[in-house]
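Worksheet: one structure, shown below.
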Amino acid sequence: MKKLLISLATIALLSFNAHAAENKIVIQVSTDDARTQKIAINNAINVQKHYGIDNVDIEIVAYGPGLSMLTPKNKKQAARISSLVGMSSITFSACGNTMKKIKKKKGKMPKLIAGVKVVPAGVVRIHELQQQGYSYVRP
């Protein structure tokens, strides 16, 4: 029975690793500069095209003033981000610390584009991804 469990665990791990992308990139966005935000998305799309959608995992982490790129108010990027969420290997993460500060200042939590996930802290998320083998990019 023990050998069977070890064999099943080994097969499960091999199967999981077969589907894990070898190319992993985290892109930091911490500025409200529209040009830089556009470049971050362009970088992600270009990397995805280069490696192929199934061969790369990309996460764009926005915090501080960069959080603005993940809100519907940012008309220039909102449509692009909405089209990428859930339909590509690109994910978007919003800093929970930044969101709390905005809520404290403005009295309400900022609205995010549908499909954007909230992480406790943007900088910590970048650190965790780097520990998992992600390459760091800051446009």
Just a yes or no: is a residue in the range 2-25 at pLDDT 95 or above, β-branched (Val, Ile, Thr) and in a helix (DSSP H, G or I)?
no
Of the residues in the range 97-120, those that are farther than 20 Å from Gln48 by Cβ, of a type in the set (Gly, Ala, Ser) and touching a Gly at 6+ places or on another chain (Cβ under 8 Å) number 0
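Okay, residues lined up against (1) under 16 Å from the mean Cα position of the chain (by Cα); (2) within 15 Å of Ile126 (Cα to Cα); (3) crowded, with 18+ Cβ neighbours inside 10 Å:
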| residue | (1), (2), (3) |
| --- | --- |
| Lys38 | yes, no, no |
| Ile41 | yes, no, yes |
| Ala44 | yes, no, yes |
| Lys75 | no, no, no |
Restricting to the range 46-63, count the residues that are more than 14 Å from Thr91 (Cα to Cα) and either under 11 Å from the mean Cα position of the chain (by Cα) or not in a helix (DSSP H, G or I) (or both).
2
The number of residues in the range 46-67 that are more than 18 Å from Ile113 (Cβ to Cβ) and either buried (at least 22 other Cβ atoms within 10 Å of the Cβ) or not hydroxyl-bearing (Ser, Thr, Tyr) (or both) is 11
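Residue-by-condition table, conditions (1) at pLDDT 95 or above; (2) among the aromatic types (Phe, Trp, Tyr); (3) not in a loop (DSSP other than H, G, I, E, B):
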position	(1), (2), (3)
Pro65	yes, no, yes
Ser68	yes, no, yes
Lys73	no, no, no
Gln77	no, no, yes
Arg80	no, no, yes
Gly86	no, no, no
Thr91	yes, no, yes
Ala94	yes, no, yes
Could you run through the range 86-127 and say how many residues are free of Cβ contacts under 8 Å to residues at least 60 places away in the same chain, farther than 18 Å from Gly64 by Cβ and of a type outside the set (A, V, I, L, M, F, W, C)?
6
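The values are calculated or read from the model by the stated rules, or taken from the named source; none is laboratory data. Treat the numbers as computed from the prediction; the structure is a model and nothing was measured. For neighbour counting, all protein chains shown are included, and Cβ atoms are generated from backbone atoms with ideal geometry for every residue, glycine included.
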